[in-house]
Amino acid sequence: MAGSNPTDRGTTQRFQTTYEEDHHQERAVLGQVLDLHPSTLTKAELIREMTGGRPTDTTVDANERAIRELAAAGLLHPVLPEGESVRPTRAAIRFSELQEGA
């Protein structure tokens, strides 16, 4: 048929940009931390939880970046020494409470 692309498999899936991937990971990390609150995990435990116990260099980097960015935005308390718990800030907890009531 004229005008059709013989190599097109009909998929409309597009690749995510790095920005979109980072935002997705930040949402996942924050959601996990808020779901576990008031229980906490260390950064290493959280990364194992987020990767199904099979962390790779890429997934560790993505999760560490998400934790760092969320802390910079004031949604997680900064994680200084290795082994310190990853904890949501009061602002993150309050926002989560407001979202649940919506």
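The values are calculated or read from the model by the stated rules, or taken from the named source; none is laboratory data. None of the values given here were measured: they were computed from a predicted structure. Here the Cβ positions follow ideal geometry from the backbone for every residue, glycine too, while neighbour counts run over all protein chains shown.
Per-structure values
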| item | result |
| --- | --- |
| Answer residue from the range 65-83, given it is in contact with a strand residue (DSSP E or B) (Cβ under 7 Å, 6 or more places away or on another chain) and surrounded by 11 or more Cβ atoms within 10 Å (Cβ to Cβ) and is farthest from L30 (Cα to Cα) among those | V79 |
| Condition check for V33: modelled with pLDDT of 95 or more, surrounded by 14 or more Cβ atoms within 10 Å (Cβ to Cβ), in a helix (DSSP H, G or I) and in contact with a strand residue (DSSP E or B) (Cβ under 7 Å, 6 or more places away or on another chain) | yes |
| Meets criteria (buried (at least 16 other Cβ atoms within 10 Å of the Cβ), out of contact with any His (no Cβ under 7 Å at 6 or more places or on another chain) and not in a loop (DSSP other than H, G, I, E, B)) for L98 | no |
| Qualifying residue in the range 73-80 (condition: at pLDDT 95 or above and in a helix (DSSP H, G or I)) | no |
| Filtered residues of the range 84-95 (kept if farther than 17 Å from E26 by Cα and in a helix (DSSP H, G or I)) | R90, R94 |
